[in-house]
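Values quoted throughout were computed directly from the atomic coordinates according to the rules given, and no laboratory measurement underlies them. Values in this document were obtained by computation on a predicted structure and should not be read as measured data. In this analysis, Cβ positions are derived from the backbone assuming ideal geometry, glycine residues included, and neighbour counts consider all displayed protein chains.
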Amino acid sequence: MYLRKKRNKSGSISVVVVDKSSGKYKEVKTIGIAKNASDVTSLIERGRRWISDYDEHLHPRLDFDGGVVSSRERERQEMERAISSIENVLLNGSELILDSVQTTGEWENHQEDNAHETTSANRKTIH
């Protein structure tokens, strides 16, 4: 499969995916129509991605274990791994925050206890 740029009667350019099998050319997919060079370039890039995805669909890559793993499946696995690490960070982050709040609360309680002891000690010495 390859890409072909085709001039239309209107002057625009069509970008199509062409396949040659058994000696005949067949237009498999029209990627789009462009009127200027920058649009043609972006359509060619889209066409290359489409051919790559289509080829992978026809000829999936084999995993080392002998299983078939598509690019979408690999992408899904990578996303799950990334989300899992984010969840771990969020869980650990909340524990760190709550521990610091608890420690701060204990410190304030300790200061209040010391203040009460100091006040009662001062009262004893004054009387």
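When S52, S14, S21 are ordered from fewest to most other Cβ atoms inside 10 Å of their Cβ, what list results? Before the final figure, lay out the partial values.
Working: S52 12, S14 17, S21 8.
Ranking S52, S14, S21 by Cβ neighbours within 10 Å, fewest first, gives S21, S52, S14.
Find the percent of Cα-Cα distances in the range 2-59 that exceed 14 Å, and round it to a whole number.
Working: 909 of 1653 pairs.
Here the long-distance tail beyond 14 Å is 55 percent of all Cα pairs in the range 2-59.
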